[in-house]
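Computed from the coordinates by the stated procedures, all read-outs in this text should not be read as laboratory data. The model shown is predicted, which means the values in this text are computed figures rather than measured ones. Heads up, the Cβs are rebuilt from the backbone with ideal geometry, glycines too, and the neighbour counts pull from every protein chain shown.
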Amino acid sequence: MKKYNNRVALLYLLSIISPLSFGVWMALLNNFSVEVVHFNGENMGFLQSIREISGLLAFTIVFWLLFIRQQSATYIFLILLGLGVAITGYFPSVEGLYITTLIMSFGFHYAETLHSSLSLQWIKKSDTPAVLGKQISLRAFVSILSMVVLYILLKIFHLEYKYIYLIFGCIGILLVVFAWIKFERFEDYEIQEKKLFLKKEYWLYYVLTFFAGARRQIFIVFAAFLLVQKFHFKVEEIVFLFAANKVISMISAPVVGRVVAKIGERLSLQIEYISLIVIFILYGIVQSHYLVVILFILDHILFSMAIALKTYFQKIADPKDFASTGGVSFTINHIAAVFLPAILGLIWDKSYESVFFIGAAIAFVSLLLTFFIKDTSKRHH
């Protein structure tokens, strides 16, 4: 049987599995947890902490690489992701949802870490921003497609949650099996370091990664919450807004990738952080429904700028450090995810504006740190 010998094509295929399985899991989570499992706020807070534990432990991926190659490990964790999603609806209790979430989350976070590492190893440095941009665009397209199918299954066929979870979890697993069978086993260009370490020469990357994780939480947890609590957006309006974000991301991400390649990481990150300072301050004072929608969309577009942080690391790092540092940085990115929502949630009840002003302060510190970045726009060693 002829096998495909295209690393980038495999990366594209593997990149769509998470938005299929995990994306649908996230889309249904709030309704499923309230309507079927009867969650309260405390349960949901604890679930979100559980979901981020595996991200915090992503550094342990290096131990798996002692026994198994990165490509095979990626397949295994993507299957674990699909399995966790597929069985979610069959354990409709508080403890059951905690356990299936943990299974799903370990698969998701470890697979994402490995996929990021393989992308940096397999793609030429000059092509990386463009390819990563296309990956984001492809993920957005698949997310939109899955939302359309999800809407049809819910509104027209009135399918139960458990069957929808089963369908999308199994689709993810089948795609992994296809990749495993049809693609060659590729040799690593660089044998990856199997030890955990923090290198002082990567300190700037670590710190910027930590702040990126903090910014991500403020958007994911509190920006959408602002739309619902303060501006009283209905569920169909939120779903439409998320779909619109995906469409815009699909178009804008490849453009962002080309811009990063042209102007370099330093200037790209400075543009991102200056924009975030303005957006977060406006979140704190906005009174207009139309303006808050524009802010929400702009905020989402800026997520594509994460390409610049990845390509910056690709240029400064020893290639054999990609997997180990990828795991460590994923953990650093999730440190904020474990404690920040709880702390900011307490602040939110007293002053929701302060949450966004803290976000602006985080972006300002990140901006100051970018001045330590050497100009990498012409460095492709």
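Taking the Cα centre of region 210-275 as the origin, how large is its charge dipole in debye, to the nearest 20, when only Lys and Arg (+1) and Asp and Glu (-1) carry charge on their Cβ atoms? Don't skip to the answer; put the middle values down first.
Working: 8 positive and 4 negative charges, 27 e Å.
Using only the charged Cβ atoms, the result is roughly 120 debye.
Quickly estimate the mean residue ellipticity at 222 nm for the chain, helices only: each DSSP H run with n ≥ 4 gives -39500 (n - 2.57), and the total goes over all residues, rounded to 500. It would help to have the intermediate numbers written out before the result.
Numbers: 16 runs with 287 residues, N = 381.
Dividing the helical sum by the residues of the chain leaves -25500 deg cm²/dmol.
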Out of [x] 34, 26, 22; [y] 30, 28, 19; [z] 65, 23, 16, which label holds the value of semi-axes √(5λ) of the Cα gyration tensor in Å that was computed here?
[y]
Built amide H within the under 5 Å cut-off of Phe183, gap 5+:
Tyr4
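Can you give the longest run of the chain that contains no GluC sites (Glu not before Pro) sitting in a DSSP loop with at most 14 other Cβ atoms inside 10 Å? All intermediate terms of the calculation are to be shown ahead of the outcome.
Working: sites that count: Glu160, Glu184, Glu187, Glu190.
Looking at the chain, 191-381 is the longest stretch - no exposed GluC sites (Glu not before Pro) with at most 14 other Cβ atoms within 10 Å.
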Under 10 Å, Cα contacts only: if you run a Gaussian network model on the chain, which one of Leu80, Leu302, Leu368 comes out with the highest mean-square fluctuation?
Leu368
Measuring from its Cα centre, the chain shows a charge dipole (+1 at each Lys and Arg Cβ, -1 at each Asp and Glu Cβ) which, in debye to the nearest 20, is 1140 debye
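Using DSSP to define loop residues, name the trypsin sites (Lys or Arg not before Pro) in region 38-127 whose beta-carbon has at most 12 other beta-carbon atoms within 10 Å. Each step should come with its number before you reach the end.
Working: sites: Arg51, Arg69, Lys124, Lys125; in loops: Arg69, Lys124, Lys125.
Loop-located and lightly packed - Lys124.
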Neighbour cut-off at most 16 other Cβ (10 Å), DSSP loop, trypsin sites (Lys or Arg not before Pro), region 272-381:
Lys374, Lys378, Arg379
Find how many whole Å separate the alpha carbon centroid of region 229-293 from the alpha carbon centroid of region 86-141.
22 Å
Please return the longest range in the chain lying between exposed loop sites, taking chymotrypsin sites (Phe, Trp or Tyr not before Pro), DSSP loop only, at most 15 other beta-carbon atoms within 10 Å, and leaving the sites out.
232-370
Candidate lysines for bridging to Lys246, where Cα separation is under 20 Å - those fewer than 8 sequence places away on the same chain excluded
Lys134, Lys234
